[in-house]
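Input: a single structure, listed below in structure tokens.
The values are calculated or read from the model by the stated rules, or taken from the named source; none is laboratory data. Treat the numbers as computed from the prediction; the structure is a model and nothing was measured. Cβ placement follows ideal geometry from the backbone for every residue including glycine, while neighbour counts extend to all protein chains displayed. Only protein heavy atoms, including side chains, enter the accessible area calculation; ligands, DNA and RNA are left aside. Shrake-Rupley method; radii C 1.70, N 1.55, O 1.52, S 1.80 Å.
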Amino acid sequence: STVTNSLAISLARSGKRVLVVDCDLRRPVQHLFWKGMANDMGVTSVLVGKCELSDALQSSAVDGLDVLVAGPVPPNPGKLVESLKLRQLLLEASKHYDLVLVDSPPVLLVNDAVLINRVVDSFLMVVACASTSRRAIVEARDRLQGSGTEPMGTVFNKVVTRLGYYSGQDKRA
């Protein structure tokens, strides 16, 4: 989620119209990144027909960057994620923005990320280096490839780096 926001901010500051969509319908967090942003209406509200996409969009503090939060946690998040309505929502959003960045739950915890990746043009796999085993990374990649999707790249965050060649001190990036 942090990588999604950082990328969105960079793209918006470069002049692109960007929308961040929080598709982690089980543990949404995008609304927490932005002061004053509510999670009472969002993706789930649009998918179940309680509001239109335009009603659920929220402006961020960054020019050119809007957010579609997840909305209230539904009783059946997996069913909503695999619905045709999600694909239609993302297609509609893409008509109004240069880039639509979709934040999904972790690949290995629930199948939602695999389902979401089937309806987006491309995706990045984000790996928390400090807490993810090599075996888990391979399993996540295999699960995504098995569903017919291939990441356009991998972002490694929480990487331990050396400050200097001789310093002997570690620093988290």
Q: Report, by residue number, each residue of segment 92-117 that is within 15 Å of Leu53 (Cα to Cα), part of a loop (DSSP other than H, G, I, E, B) and either of a type in the set (Lys, Arg) or open to solvent by 40 Å² or more (accessible area, probe 1.4 Å) (or both).
A: Lys95, His96
**Q.** Complete set of residues in segment 118-158 that are over 27 Å from Leu80 (Cα atoms), in contact with a helix residue (DSSP H, G or I) (Cβ under 8 Å, 6 or more places away or on another chain) and charged (D, E, K, R)
**A.** Lys158
Q.
Tell me whether segment 118-126 contains one or more residues that are of a type in the set (Val, Ile, Thr), open to solvent by 40 Å² or more (accessible area, probe 1.4 Å), more than 30 Å from Leu89 (Cα to Cα) and not in a helix (DSSP H, G or I).
A. no
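Residues checked against (1) open to solvent by 60 Å² or more (accessible area, probe 1.4 Å); (2) modelled with pLDDT of 80 or more:
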{"residue": "Arg134", "(1), (2)": "yes, yes"}
{"residue": "Leu144", "(1), (2)": "no, yes"}
{"residue": "Val159", "(1), (2)": "no, no"}
{"residue": "Tyr166", "(1), (2)": "yes, no"}
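Here are some residues: Gly36, Gly42, Gly49. Which one is under 22 Å from Glu92 (Cβ atoms), loosely packed, with under 13 Cβ neighbours inside 10 Å and small (Gly, Ala, Ser)? Break it down stepwise before answering.
Working: Gly36 fails: under 22 Å from Glu92 (Cβ atoms); Gly42 fails: loosely packed, with under 13 Cβ neighbours inside 10 Å.
Among Gly36, Gly42, Gly49, only Gly49 is under 22 Å from Glu92 (Cβ atoms), loosely packed, with under 13 Cβ neighbours inside 10 Å and small (Gly, Ala, Ser).
Counting just the residues of segment 63-91 that are among the acidic types (Asp, Glu) and open to solvent by 80 Å² or more (accessible area, probe 1.4 Å), which one comes out farthest from the chain's Cα centre (by Cα)? Spell out how you get there, then give the answer.
Of segment 63-91, the ones among the acidic types (Asp, Glu) are 63, 66, 82.
Adding the requirement that they be open to solvent by 80 Å² or more (accessible area, probe 1.4 Å) leaves 63, 82.
Details: Asp63: 20, Glu82: 16 Å.
Filtering segment 63-91 for residues that are among the acidic types (Asp, Glu) and open to solvent by 80 Å² or more (accessible area, probe 1.4 Å), the one farthest from the chain's Cα centre (by Cα) comes out as Asp63.
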Q.
Where the second residue is at pLDDT below 95 and among the basic types (Lys, Arg) and the first is over 11 Å from Val67 (Cβ atoms) and surrounded by fewer than 24 Cβ atoms within 10 Å (Cβ to Cβ) and lies in segment 3-25, which pairs have Cβ atoms under 9 Å and are six or more apart or on separate chains?
A. none
